[in-house]
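K.L.:
Got a structure here, written out as structure tokens. Questions coming.
The values are calculated or read from the model by the stated rules, or taken from the named source; none is laboratory data. Remember, predicted model here, so these are calculated numbers, not experimental data. All Cβ positions, even for glycine, are placed from backbone atoms using ideal geometry, and neighbour counts span all protein chains on display. Note: accessible area is taken over every heavy atom of the protein model, side chains too, but ligands, DNA and RNA are not part of it. Shrake-Rupley method; radii C 1.70, N 1.55, O 1.52, S 1.80 Å.
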Amino acid sequence: MALLPILEFPDPKLRTKATPVTEVNERIRQQAKDMLETMYHAQGIGLAGTQVDFHQRMLVMDVSEEQDQPMVLINPEYVPTGEKIMWQEGCLSVPTFYEEVERFASIQVTALNEQGERIEFEAKDLAAICIQHEIDHLDGKLFVDYISNLKRNRIRQKLEKLHKLQGKA
Ligand code: K1U
Ligand code: ZN
């Protein structure tokens, strides 16, 4: 297992559109394990491949209280089944910033699991929000894209300043 570096806004790699996984094999299963370890270590409830510079359509998540119910979704898709709601979101790629985003309260999800089997389920509330947020990552989209240019530019400037202090590019 390995902890993977998490890309941070405004890294242009976060804008990459991920391509579908063509075969669920050992390489993909190892990547999923590494992403779960990285997600738990960062105290997130979700993580998309894009965030760790892996540009195939895979996300991991665990919205359980005990953080003991990991899920791996490969080539995930959804259709909305509920109303739109506002939710305050954070992002491991936009550390320390939180903003309200409009999302669907429930969605019907289809995906492959880590065995390559097709799964389908309804996700609600936090799970639904998390999956929409992670699929946005796979499409190169971030929650800051839903807020005003002014707020997004302020966040960009603050993170760029922080990255300079940390000696990151
Ligand atoms: O993709 C990521 O950056 C992870 C992100 C996913 C997320 C899920 C739901 C709403 C917003 C963002 C996080 O895990 S941020 C951590 C977080 O917001 C949270 C942690 C514990 C409980 C509830 C939320
Ligand atoms: Zn995120």
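K.L.:
Test each condition in (1) in contact with a strand residue (DSSP E or B) (Cβ under 8 Å, 6 or more places away or on another chain); (2) of a type outside the set (A, V, I, L, M, F, W, C); (3) within 16 Å of ligand 2 (Cβ to nearest atom) for N75 and report the one that comes out false.
P.N.:
Exception for N75: condition (3).
K.L.:
Here are Q132, Q88: which of them is under 22 Å from L36 (Cα atoms) and either not aliphatic (A, V, I, L, M) or not in a helix (DSSP H, G or I) (or both)?
P.N.:
Just a single option satisfies the conditions, and that option is Q132.
K.L.:
Now for a different question. Can you list residue pairs whose Cβ atoms sit under 6 Å apart, with the first residue in the range 144-169 being open to solvent by less than 100 Å² (accessible area, probe 1.4 Å) and the second being of a type outside the set (V, I, T) and modelled with pLDDT of 95 or more? Count only pairs 6 or more apart in sequence or on different chains.
P.N.:
What qualifies is V144/R152; I147/E99; I155/F97; R156/P10; L159/F9.
K.L.:
When you scan the range 22-43, do you find a residue that is closer than 18 Å to D145 by Cβ and in contact (Cβ under 8 Å) with a residue 60 or more places away in the chain, even just one?
P.N.:
Checked the range 22-43: no residue is closer than 18 Å to D145 by Cβ and in contact (Cβ under 8 Å) with a residue 60 or more places away in the chain.
K.L.:
Determine, yes or no, whether Q30 is near ligand 1 (Cβ under 10 Å from one of its atoms) and surrounded by fewer than 19 Cβ atoms within 10 Å (Cβ to Cβ).
P.N.:
The answer is no for Q30.
K.L.:
Would the range 113-129 turn up any residue that is part of a strand (DSSP E or B), within 16 Å of ligand 2 (Cβ to nearest atom) and either touching a Phe, Trp or Tyr at 6+ places or on another chain (Cβ under 9 Å) or open to solvent by less than 70 Å² (accessible area, probe 1.4 Å) (or both)?
P.N.:
no
K.L.:
Another question about this same structure. For the range 18-52, which residues satisfy the criterion of being more than 14 Å from ligand 2 (Cβ to nearest atom) and touching a Lys or Arg at 6+ places or on another chain (Cβ under 9 Å)?
P.N.:
T19, P20, V21
K.L.:
Separate question: Using the structure shown, decide if E37 is charged (D, E, K, R) and assigned to a strand (DSSP E or B).
P.N.:
Answer is no for this residue.
K.L.:
If you don't mind, there's one more thing I want to ask. What about Q88, is it touching a helix residue (DSSP H, G or I) at 6+ places or on another chain (Cβ under 9 Å) and either closer than 17 Å to L14 by Cβ or open to solvent by 30 Å² or more (accessible area, probe 1.4 Å) (or both)?
P.N.:
It is false that Q88 is touching a helix residue (DSSP H, G or I) at 6+ places or on another chain (Cβ under 9 Å) and either closer than 17 Å to L14 by Cβ or open to solvent by 30 Å² or more (accessible area, probe 1.4 Å) (or both).
K.L.:
Taking the range 56-70 on its own, how many of its residues are open to solvent by 10 Å² or more (accessible area, probe 1.4 Å) and closer than 23 Å to G140 by Cα?
P.N.:
Residues flagged as open to solvent by 10 Å² or more (accessible area, probe 1.4 Å) and closer than 23 Å to G140 by Cα within the range 56-70 amount to 3.
K.L.:
Can you give me the number of residues within the range 71-85 that are part of a strand (DSSP E or B) and open to solvent by 70 Å² or more (accessible area, probe 1.4 Å)?
P.N.:
Number of matching residues: 4.
K.L.:
Inspect all residues belonging to the range 60-68 and state whether any of them is in contact with a strand residue (DSSP E or B) (Cβ under 6 Å, 6 or more places away or on another chain), touching a residue at least 60 places away in the same chain (Cβ under 8 Å) and within 15 Å of ligand 2 (Cβ to nearest atom).
P.N.:
Among the residues of the range 60-68, at least one is in contact with a strand residue (DSSP E or B) (Cβ under 6 Å, 6 or more places away or on another chain), touching a residue at least 60 places away in the same chain (Cβ under 8 Å) and within 15 Å of ligand 2 (Cβ to nearest atom), which makes the answer yes.
K.L.:
Let me ask something additional. Limited to the range 33-46, what total is found for residues that are among the polar types (S, T, N, Q), more than 10 Å from ligand 1 (Cβ to nearest atom) and more than 9 Å from V60 (Cβ to Cβ)?
P.N.:
Counting residues in the range 33-46 that are among the polar types (S, T, N, Q), more than 10 Å from ligand 1 (Cβ to nearest atom) and more than 9 Å from V60 (Cβ to Cβ) gives 0.
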